[in-house]
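Working notes, beginning with the structure itself.
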Amino acid sequence: MNVSHEWLKAFVAHQLAPEQLRDLITSRSATVDEVVALRADLAPIVIARVVEAARHPDSDRLSVTKVDAGTGELLDVVCGAPNVAAGKLYPFAPVGTVMPGGLRIEKRKIRGALSAGMLCSASELGLGTDKDGILELDVDAEPGTPFLRAVPVGDTRLVIDVSPNRPDLLSHLGVAREVAAATGIPLQLPEIPAGGVEAPAAVREPREGRAGPVTVRLEDSDGSPRYMGVTISGVKVGPSPDWLVRRLEAVGSRSINNVVDATNYLLHEVGQPMHAFDVARLGRTTVVIRRARPGERLRTLDGVDRALDPSMTVIADAERAQAVAGVMGGNDSEVGEGTTDIFLEVASFDARAVRTTRRALGLSTDASHRFERGVDRELTPVALARAVRLITAVAGGRVEGSPVDLYPSPAPARALLTLRAHRVATLLGQRLPAKEIVFLLRSIGFVADIVPGTEMLRGNEEIAVVAPSWRVDIEREVDLIEEVARLRGYDTFPDDLRAYRPTTVSDDPQWLLARRVREALVAAGLLETRPMPFVAGRDGEHLRVANPLAENEAHLRRSLLETLARRAEYNLARMQGDVRIFEIGAAFEPGAGALPRETMRAAAVIMGARRPPHFTERNPPAFDEWDARSIAELVTGAAFPAARAVLEPADGAGVLWNVLVEDSASNGGAPSKVGEVRRLRLDAPPWASPAFGIEVELARVENADVAPRGQSTYAVRPGKHMAGGSEAHVGVSAEGGGQKRAAGGSTARVVVSRTYQPLPTTPAAELDVALVVPENLSAERVEAVLRRDAGELLERLQLLDEYRGPHVPAGHRSLMWRLIFRHPERTLREKEVEGRREKLLKTLEKELGVRQRTS
């Protein structure tokens with residue numbers, strides 16, 4: 001969902017910057033994936049004041065000016081516009097600016113006079129069509145102020161990832177509700193420019209009615225539960241006004257004509273798709289909502305001739321289909337320059353039917369995206385009234401007769417839900433006053449009141465709640481509790497673990513098994529990944545997904561190492577050769593029945609340095625096959641504590657060892673293979689060290705198709721690998737603390753600190769510094785100064801070497817540190833790194849008497 005920052009301010013008069021709005025929406029409603037400055041091409045333009053203006057000595061049309069652009073000196077600028085005047089403010093493009101049209105501003109001579117920049121017209125900035133005069137500014141800004149900061153022409157687009165359960169957020173109105181609730185600023189619908197007319201009250205009929213001269217008949221009420229329409233005559237189709245074009249461009253939509261633009265505007269404003277038909281092209285001025293006929297075809301607006309089938313709902317005239325309901329209109333009834341009368345459709349279509357039709361046609365549109373998630377039926381008359389006002393404001397015209405509202409089975413009222421205050425406290429871990437809960441729910445459109453008779457029951461009040469029509473995802477009490485949590489703010493709740501369980505149901509054995517393996521691998525220094533289980537496989541060898549997310553990864557993996565190997569290659573492509581990652585997840589193999597053979601597995605990939613470099617070991621050894629074997633033993637020990645694991649050498653296809661487990665309960669004591677240790681073949685650069693993969697089957701998902709009776713299922717059935725025995729355990733709590741049970745039965749606390757940091761996308765700059773340090777001065781004090789003064793770009797500091805001997809004065813030793821710098825957004829320049837070296841050396845000599853070693 002693309003949202004315009006300026007459009008949103010028309011709903012809620014907030015003063016939040018785009019970045020602040022991003023954080024607010026992400027924390028409360030849906031993730032904002034991207035913030036896009038739409039006029040970033042104007043970023044180099046600044047405000048400038050013309051101090052002097054005189055005629056060019058060799059031209060009657062040119063002026064020679066002196067311009068204050070905030071640089072501290074006056075610039076000579078030659079200008080050809082007739083309206084340049086001393087004392088006025090204008091947009092100014094300094095030397096080096098690339099203009100929106102692609103022109104690069106350079107210092108050059110014009111008729112013998114030097115010009116260092118350009119005073120800009122509206123046309124040159126892409127803000128209008130006036131090419132003859134410079135854009136004179138009436139703003140309160142100092143010279144040198146960025147143009148975008150002084151003049152509100154640069155909208156910002158917020159790209160929001162809306163989940164399928166929140167279709168109300170697929171509009172500016174829905175997002176504005178969230179912003180209004182968070183800020184306390186009233187919500188209002190934006191004003192429509194004067195000139196539009198009000199729509200008459202609609203006439204409700206069950207199946208058939210008239211909208212002016214157009215007869216409307218609803219035959220498929222399952223496919224269209226509510227259908228409204230209105231006829232507007234005398235419209236003049238043409239270009240849209242600038243404000244409407246800018247609004248649509250801000251959300252990534254192109255302008256077509258004023259009538260179509262108005263329908264697209266309402267789609268993005270209130271979330272109601274609508275379609276305009278040319279009345280002159282409707283056979284017998286009739287609109288019929290029906291099922292498609294066998295063999296019927298329709299050429300849609302994209303120019304494709306599409307085959308329809310009777311499962312699809314269509315909008316037809318008396319003779320043929322004119323649109324696919326909820327998906328796309330037809331080419332034959334399209335509104336064009338010659339259109340004078342339009343029939344405007346504003347309807348609700350069944351979400352499941354639209355989704356089925358869209359998939360069958362292989363066609364996805366803004367309308368289908370909203371209809372198949374659910375459009376509020378109660379929104380339909382509001383959207384129709386706004387559409388009539390907007391169309392008549394930008395295209396003229398008048399309403400013929402009254403709108404028609406075919407609504408044979410009105411939606412039942414939303415169910416009354418009871419929200420218990422004590423249940424809120426149980427699930428959220430904090431007691432909230434009932435009045436606060438009521439306030440939070442009302443702020444977002446819910447009807448909420450404390451049930452009479454429960455007001456005096458402190459902490460045990462009951463609240464009667466009715467969800468608004470646009471919140472189709474609210475069905476149970478727990479949904480309301482989730483609303484309370486997000487509206488109050490997740491960061492306002494404590495993050496400590498409480499001494500209770502929300503349920504008496506015991507943990508699933510597979511979950512416990514996975515937790516043991518995970519904790520063992522994390523304690524060994526491996527990092528967990530959670531990739532998607534899709535790979536670029538082959539039909540026949542891999543299972544193909546019926547509706548893949550991407551065609552280049554349309555198959556289910558057969559092995560976890562398939563995806564972990566790609567993660568390792570991703571790191572290698574970014575010059576990261578030290579890899580130690582693992583995953584616990586599912587693998588899928590084709591089965592004899594309808595379902596695949598699904599197994600839960602643990603897999604790991606290791607390569608690169610076995611441990612971080614240290615001054616006692618500057619080049620630590622790389623992982624080898626024996627390290628991989630030890631990890632396999634660690635996994636089997638954690639997964640099957642009561643069974644005996646055996647690793648036997650293998651001799652084929654890169655496999656180093658087969659992992660066997662003695663399963664006495666199902667196999668008469670004979671060991672069964674549960675995994676393997678292998679050398680991985682990666683797309684790796686020459687400098688990369690060998691890679692090793694470990695994969696162990698932990699459990700098998702049982703069903704009639706994939707788990708024949710008697711087949712071994714590790715860690716699922718009682719008595720299989722899990723029975724009896726003690727286990728070593730490392731548990732990590734929410735605060736990063738854990739406990740490790742020692743062999744003697746005592747408990748030692750292990751503190752594990754985990755701080756999330758995104759993977760770097762820019763290269764690092766390394767700086768080695770060798771220092772001569774007195775014996776009585778600790779390396780810790782030197783390192784403290786290095787960390788303090790290296791600056792915010794210091795990513796890592798390592799002590800690499802300690803040396804005593806020739807070229808080092810008596811009573812001293814040589815210590816070498818490696819400083820690794822990285823900027824989060826750009827590549828560091830060499831002089832930046834060298835500048836930090838010089839600063840650090842001066843500080844060390846001044847404070848500690850430590851100098852750089854020169855030989």
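Given their separation in residues at 0.36 nm each and the Cα-Cα distance between them, Lys88 and Ala413 gain 110.8 nm when the chain is fully extended.
Based on every Cα atom in the stretch 419-483, Rg and the maximum pairwise Cα distance Dmax equal 11.1, 33 Å.
If you wrap a convex hull around the C-alpha atoms of the stretch 804-855 and split its volume per residue, what is the figure in Å³? Let's see the in-between values first.
Working: hull volume 5.0 nm³, N = 52.
Cα-based convex hull of the stretch 804-855, divided per residue, equals 97 Å³.
Pairs of Cα atoms nearer than 8 Å and 6+ residues apart set the relative contact order; for the chain it is 8 percent.
Taking 30 Å as R0, compute the FRET efficiency from the Cβ-Cβ separation of Lys107 and Val51 and round it to 0.05. Spell out each step's value before the answer.
Working: r = 19 Å, r/R0 = 0.63.
Calculated transfer efficiency: 0.95.
Shape descriptor for the stretch 341-395: Rg over Rh equals 1.06 (Cα atoms; Rh from the Kirkwood inverse mean 1/r).
Taking all protein chains together and a 1.4 Å probe, the residues His823, His369, His172 rank His369, His823, His172 from largest to smallest accessible area.
Rolling a 1.4 Å probe over the heavy atoms of the protein chains gives the stretch 13-141 an accessible area of 54 Å² per residue. Residue by residue, the stretch 386-402 carries 3J(HN,Hα) couplings of 5, 5, 4, 5, 5, 4, 5, 6, 9, 10, x, x, 9, 7, 9, x, 10 Hz when phi is fed to the Karplus relation 6.51 cos²θ - 1.76 cosθ + 1.60 (θ = phi - 60°); x denotes Gly or Pro.
Sort Ser163, Ser559 from largest to smallest accessible area, using a 1.4 Å probe on the heavy atoms of the protein chains.
Result, largest first: Ser163, Ser559.
What base-10 log of the normalised intensity I(q)/I(0) is obtained for the stretch 53-124 from the Debye formula, alpha carbons as equal point scatterers, at q = 0.11 Å⁻¹? The computed values of log10 I(q)/I(0) come out as -0.25.
How big, on average over all directions, is the shadow cast by the Cα convex hull of the chain, in nm²?
Values: hull surface 209.4 nm².
Taking the Cα atoms of the chain, their convex hull projects to 52.4 nm² on average.
Here, P(r) means the percent of Cα pairs in each 10 Å bin from 0 to the largest distance; for the stretch 150-259 it is 9, 24, 34, 27, 5, 1. A Förster radius of 45 Å, combined with the Cβ-Cβ distance separating Glu775 from Asn619, puts the computed FRET efficiency at roughly 0.95.
Over 24 Å, how big is the tail of the calculated P(r) for the stretch 305-440, in percent of all Cα pairs?
Numbers: 4731 of 9180 pairs.
In whole percent, the share of Cα-Cα pairs in the stretch 305-440 beyond 24 Å is 52.
In the stretch 262-277, whose amide N lies under 20 Å from the spot 7 Å out along Cα-to-Cβ of Asp33? List them in ranges. Flagged as within label range: 268-269, 271.
In this label model, Ser855 and Thr129 are separated by 8.0 nm, measuring between points 7 Å along each Cα→Cβ vector. For the stretch 764-855, trypsin sites (Lys or Arg not before Pro) meeting the loop criterion (DSSP other than H, G, I, E, B) and having at most 14 other Cβ atoms within 10 Å: Arg804, Arg826, Arg829.
Counting other Cβ atoms within 10 Å, keep those with at most 14, restrict to DSSP loop, and tell me which GluC sites (Glu not before Pro) in the stretch 57-134 are left.
Glu73, Glu106
Of the chymotrypsin sites (Phe, Trp or Tyr not before Pro) found in the stretch 753-850, those in coil by DSSP whose Cβ has at most 12 other Cβ atoms within 10 Å are Tyr756.
A simple spin-label model places the labels of Val203 and Leu527 6.9 nm from each other, with each point 7 Å out along Cα-to-Cβ.
Segment Leu74..Asn2, full-extension length gain: 21.6 nm, with 0.36 nm per residue of separation and the alpha-carbon distance subtracted. Size of the stretch 161-222: Rg and Dmax of its alpha carbons, in Å, are 18.2, 47. Once the C-beta distance of Ala194 and Val245 is scaled by a Förster radius of 25 Å, the resulting FRET efficiency is 0.85 to the nearest 0.05.
Of the whole protein surface, Trp511 contributes about 130 Å² of accessible area at a 1.4 Å probe radius. Principal axis analysis of the Cα atoms in the stretch 230-280 yields extents of 33, 22, 13 Å, listed in decreasing size.
Roughly speaking, to the nearest percent, how much of the stretch 389-505's 1.4 Å accessible area is carbon and sulfur? Mind showing how you got there, number by number?
Working: 3420 of 6340 Å².
So the carbon and sulfur contribution to the accessible surface is 54 percent.
Taking the inverse of the mean reciprocal distance over all distinct Cα pairs, the Kirkwood hydrodynamic radius of the stretch 247-328 comes to 14.1 Å. Full extension of the chain segment joining Ser506 with Asp58 gains 152.0 nm, where the gain is 0.36 nm per residue of separation less the Cα-Cα distance.
Here the accessible area is traced with a 1.4 Å probe on the protein chains. For the stretch 540-598, carbon and sulfur cover 48 percent of it. Using heavy atoms of the protein chains and a probe of 1.4 Å, the accessible area assigned to Arg644 is about 140 Å².
Remark: the stretch 420-566 projects, on average over all directions, an area of 14.0 nm² (convex hull of Cα atoms). Across the alpha-carbon atoms of the stretch 1-136, the computed radius of gyration and Dmax are 19.3, 64 angstrom.
Per the Debye calculation on the stretch 198-317 with a single equal scatterer at every Cα and no solvent contribution, log₁₀ I(q)/I(0) for q = 0.10, 0.11, 0.21 Å⁻¹ amounts to -0.39, -0.47, -1.36. In this rough spin-label picture, where each label sits 7 Å from Cα along the Cβ direction, the Asn165-His807 distance is 6.6 nm.
The values are calculated or read from the model by the stated rules, or taken from the named source; none is laboratory data. Values in this document were obtained by computation on a predicted structure and should not be read as measured data. Cβ sites come from the backbone with ideal geometry, for glycine too, and all protein chains shown count toward neighbours. In case anyone asks, the SASA skips ligands and DNA or RNA and just uses the protein heavy atoms, side chains included. Shrake-Rupley method; radii C 1.70, N 1.55, O 1.52, S 1.80 Å.
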